[in-house]
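The values are calculated or read from the model by the stated rules, or taken from the named source; none is laboratory data. None of the values given here were measured: they were computed from a predicted structure. Here Cβ is always computed from backbone atoms with ideal geometry, including for glycine, and neighbour counts include all displayed protein chains. These area figures cover heavy atoms from the full protein model, side chains too; ligands, DNA and RNA do not enter into them. Shrake-Rupley method; radii C 1.70, N 1.55, O 1.52, S 1.80 Å.
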Amino acid sequence: MTENSAQLGPVDFALVAFPGNRFKGEIVPALKELVDNGTIRILDLVFVEKDDEGAVLALELSEVDEATLGAFDDLDGEGSELLSDGDLELAAESLEPGSSALLVVWENTWASRMVHALRNADFRLLAHERIPADAVASAMNAGGS
């Protein structure tokens, strides 16, 4: 384990599709808030577009058109190029023609201290799973909570 990885919190990624290439930038203020309050740190962010004929174009944030880029002006990120060409190809395979997607990798900085403490305690992770919010809400509603 490198010194840098020992300091990292958990890292997640998401692929968010925009059918009909209807990205309007509404998610950017939410991402910015998470970055500004120290909840997450953007490690990489790439747009993937598939035109109506199925041709794929992957764009780093620095390559995005001005109208879309404007939504990201105030969003800090590393641009560390963690995402490989293979990652982008897999993302593109899931897109319908005439759509686009945002592939984002982030560190959950809110958990860094806990992860560091666990590593110092020589922990072993036996299980970890993200439970969908809809499933939790349904269980809570069924239980009267």
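Determine, yes or no, whether W110 is surrounded by 11 or more Cβ atoms within 10 Å (Cβ to Cβ), among the hydrophobic types (A, V, I, L, M, F, W, C) and in contact with a strand residue (DSSP E or B) (Cβ under 9 Å, 6 or more places away or on another chain). The answer is no for W110. Within segment 91-145, the set of residues being part of a strand (DSSP E or B) and either over 22 Å from the mean Cα position of the chain (by Cα) or not aliphatic (A, V, I, L, M) (or both) comprises S99, S100, W106, E107. Considered as a group, the residues in segment 1-34 that are more than 23 Å from L88 (Cβ to Cβ) and open to solvent by less than 30 Å² (accessible area, probe 1.4 Å) include one that is modelled with the lowest pLDDT, and that residue is A6. Taken over segment 36-49, the criterion of being open to solvent by less than 70 Å² (accessible area, probe 1.4 Å) and either at pLDDT below 90 or in contact with a helix residue (DSSP H, G or I) (Cβ under 9 Å, 6 or more places away or on another chain) (or both) is satisfied by G38, T39, I40, I42, D44, L45, V46, F47, V48, E49.
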